[in-house]
Structure formats: structure tokens, C-alpha cells
Amino acid sequence: MTIAILGGGLAGLSAAYYLKREGGIEKNQSIQIIEASNQTGGWIQSWKDQNTNVISELGPRTIRGRGKSANNTYSLIKELGIENLVRNVGIDASARYIFANGKIHQLPMSVWKALFTVNQPFTKPWIYYVLRECFSSHNSKSISPDVQNNDESAYDFFCRTFGHEFADYLISPLLCGVCGGNSKQMSVKFMFGALYEAERKHGTVGLGLLKEQLSSILNREKIKDTKGTNIVKPPPSVYYLDGGLQRLIHALDINNESQGIHTNLNTRCTELHFHENGKGARIVFSNGKQLECSHVISALPAHNLASLFCVKSQHSPLTQLLKSIPMVSIATVNLTYDDPKVMGPYKGFGVLSSPLEKLSLLGIIFNNYIYGHSDRVDLTVMMGGYGFKEHFVKNSKCLSEEKLADTAVGHVKRVLNIQSTPNTYSTQILNDCIPQYTVGHYERVTKIQEYINVRRLPLTLVGSSYAGISINDVIFASMTAMRKLCK
């Protein structure tokens, strides 16, 4: 019998890798990856301009190296034999900027500077917001039971705890950059779980985090290798892969193929039927062919999986739950300038735009500083997100390549004061590319999993729709799910 993995993106490929590694395959079983497009990788696609040698990324371009899931990703990279491709981000890529009140502002790089000096667009030093939260009456003991025991929006949470400036000038731009999301809709319980739990457990966020930090220091253990003897070198705090993140996809493809895992490209699923009593499933393809399988691992976005169930399916409650996880679209424009002086004084990772500016702009990434290039300027302008329909879909002319480029150049002129015309540009529209973890997301995912478990459906869910959008989140979720499946 076959174990079918729907979707050949990072989630599907890493699920196949871990399923094989964990020994979850019997002798008479095979693994098949079903991918609708003509290549694996999903949104992780890298390409090089042959004239400028500039590496462009369709989706993410860096990987964070701190935390449990980050250590897992780095272990995978080493297991795949591509550790030699790991590169630290450029030394000049540490600064971050916020565009607010019509001006660009550098976020403080020092904790002490942030705490004890006024850094625009904030009107007070951050110690004011910290003390406000610690000694305010608006702690977990005084808020309503509905908020205390359940979820609330990230915007409401930070307005209630640290004040409107913190929500408007820090959290809202951050969520725009991370997931194209609206802070007034995004779940604080999911997006800022540590802060949410700190307030619930200790009454205030600040004191709660301090207690948790002291506890972790007292109980910290050294990271050891699988033998438990030598200290393993941790990954860089932020890094990329030489040649682009698609090198990770290629390495997974090669490894999976060597393990007998077959990938079916240009193969679109149209229907998914589960047999009674959890005894396998039947997949119907667009060419009319069918595949009987013992188990299905879906790495598809939740709404795509929902579309595979028949309208009159007995699993309509599951369909509705899957459809309740919204998605947003992103428009990206890569701009290159041959003159490195056009950037002026700005060096860093990039700039995020405050939603108060009411622009289609989410942020601008300074690729040349990330990759350490000093001979040119290479920018990626991100637009849309939760405002994609308002800014682009309502006026279809805005979706033309020329209009997208003009809009991006206008943002660069406004934010970075670069008045020059870019030497080259390329545009991409990523439709329904990022799931939105809106208020109640944890509860929705729990209900989805309970439905699957109660009915003993031969279905395992992986991918960014459920447990996080970062590369670390996706790989770690696949690893965790495959270990559970193998048990």
C-alpha cells in the first residue's frame, strides 16, 4: 500500500524525509509525493540573474537560528550534507527600520538605548511602557474572563498592556512584515504565545518573562550531540544558503529519491475519499486516474485540502473548519540599482511600514546588505497582504507588471528617498501564499484534529496552515507529525 503525501513544498518534502528516517514504512509500503506544479519547493524558489549574478527569492530568504525548531532545521541541513552552504547575513544587515508618520525611523539596536532614551516614532522611552504594563491595573487579574481564558487580537493585547504606540509602531508593522497580517485580527495566543502565557501565569507580561528567563538560566542545559558527549556548534543567529534557499529543496529531493520516495510532478488531485473505519483512502486525479493508499499526509494549504472533499461529503464539518483558516496574497517587486550610493545613510535588514500610513506597502528588504554585496543596491518591495484586495484587486490595472513596478518604485522614493530609476526589475504575485492565524486559531486547529481523531481518518496534516509559517516552524511540525504517525 502507498502512503500519499499531497504537496511537494517544504512541508511535504520534509514529511517524506522524516517518515522514512523514523522508520514508519513497512516492507510492502511506498511513499509517493503528489505535486500539482512542474517543480517541488512551493514558494521556496531561487533564481540568479545571469547579468548581475543577483540571487532572488520568491519566498523567504533567511532562516533564524535560535530556538528548538531552529536547532532542528540546522540538524536537517547537516544531515543533508549542505552545511557548507550556510552563510551569515551581512555584517551591515542588523539594523531594522519603521516607516511611520511619513518618516523612516531606525529601531534601537541596544536594549539600554531602547529602555532609557526616546526613539521616534515613540514619544517615550520603552521603560515607560514596561513599567506601565507591570504596574497597571489592566493585568490578567482584572481583565474579563473571556479575554483571560481565551484569545484576543495582538493589537488589543498590546494596546491593553503596553499602550497604543507599542501596538501601532512596533507590533502592527511587525505582523505586516512577518505574515502580511492585520494586527487587529491576528491571534496573540498564537503569534506571541510566550507573552500571552506570561501574563496568564504571572499577572503581567514583564514580570512573567523575567521569571521565566531566570528559571531557564538556572535550568539551562548544554546542547549535546546524539551521543550526548560533545557540545554541538549552534547555528548562526540569522543565515541564508549560498545559491538560495532552493538548495535545501534540491537536497531534500535528492535524499528522498535515494530513499526510494517517488515524486509525481504535474499531478493534480481533484477528490479525496476516505474509506469506512479508517481503512485507507482513494485519491482521484485530474486525468481520471485513481490511487488507493493506506494513509494521506496533506501538506496542502487548508483551503486547498477542503476543496478535495465532495460537496455532499459526510465530512462537511471538517471542510468548513479547514476553510475557516484565511489566506492572503503578496505582490513582490525586486529592484536593482547599479549605484550603491543611492541608499544614502540606510544600512540594515529592511524597513517595515506602519499600517497607519495606509499604503499598499508592507516592507522593503535590503537584499544587498543581507548577502553582503557592496557594489549595487538590491531591494525587494513587499505589498498587499491583508490589504491586497483593497489596493490591487479592486483595480485590476494595478496588477500589470508595469503598474506593480511603478507602485514599488513610488514606495522606494517615498520611504528611502531613492529618486533614481532602477536598472532592472522583476515582479511576482503570490496568490493565497500566507495563512492568517486569526483570533481563535488554536481552537480551530484543535477542532480539526479532534474531528480527524474521533473518526479515525487516515489523515495527517502538516504545512504552514496550522503551526507556523517560518521555515523552522514548517520543518519542525513535519518532524513532530511524522514521529507521532510512526508511533
- Query: Within segment 237-253, can you find the residues that are in a helix (DSSP H, G or I) and either without any contact (Cβ under 8 Å) to a residue 40 or more places away in the chain or among the aromatic types (Phe, Trp, Tyr) (or both)?
  - Reply: 250
- Taking interchain pairs and intrachain pairs at least six residues apart, which have beta carbon atoms under 9 angstrom, with the first residue in segment 172-194 and part of a loop (DSSP other than H, G, I, E, B) and the second open to solvent by less than 10 Å² (accessible area, probe 1.4 Å) and of a type in the set (Phe, Trp, Tyr)? 181/437; 183/158; 192/157; 192/158
- Can you name every residue in segment 429-476 that is in contact (Cβ under 8 Å) with a residue 24 or more places away in the chain, touching an Asp or Glu at 6+ places or on another chain (Cβ under 8 Å) and under 24 Å from residue 17 (Cβ atoms)? 464
- Do the conditions hold for residue 155, that is, is it surrounded by 21 or more Cβ atoms within 10 Å (Cβ to Cβ), part of a helix (DSSP H, G or I), modelled with pLDDT of 95 or more and in contact with a Lys or Arg (Cβ under 8 Å, 6 or more places away or on another chain)? yes
- Task: Out of the residues in segment 344-377 that are part of a strand (DSSP E or B) and small (Gly, Ala, Ser), state the one that is nearest to residue 241 (Cα to Cα).
- Result: 350
- Task: Hey, can you tell me all the residues within segment 226-272 that are open to solvent by 90 Å² or more (accessible area, probe 1.4 Å) and modelled with pLDDT under 95?
- Result: 226, 227, 229, 230, 231, 233
- Within segment 415-428, the residues that are touching an Asp or Glu at 6+ places or on another chain (Cβ under 9 Å) and open to solvent by 40 Å² or more (accessible area, probe 1.4 Å) are 420, 423, 424, 425
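Conditions tested, residue by residue: (1) surrounded by 16 or more Cβ atoms within 10 Å (Cβ to Cβ); (2) out of contact with any Lys or Arg (no Cβ under 7 Å at 6 or more places or on another chain); (3) assigned to a helix (DSSP H, G or I).
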| site | (1), (2), (3) |
| --- | --- |
| 3 | yes, yes, no |
| 26 | no, yes, no |
| 44 | yes, yes, no |
| 61 | yes, yes, no |
| 76 | yes, yes, yes |
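The values are calculated or read from the model by the stated rules, or taken from the named source; none is laboratory data. Just so it is clear, the structure is predicted and the values come from calculations on it, not from any experiment. Note that each Cβ is placed from the backbone with ideal geometry, even for glycine, and that neighbours are counted across all protein chains shown. Accessible surface is based on the protein model in full, side chains and every heavy atom, while ligands, DNA and RNA are left aside. Shrake-Rupley method; radii C 1.70, N 1.55, O 1.52, S 1.80 Å.
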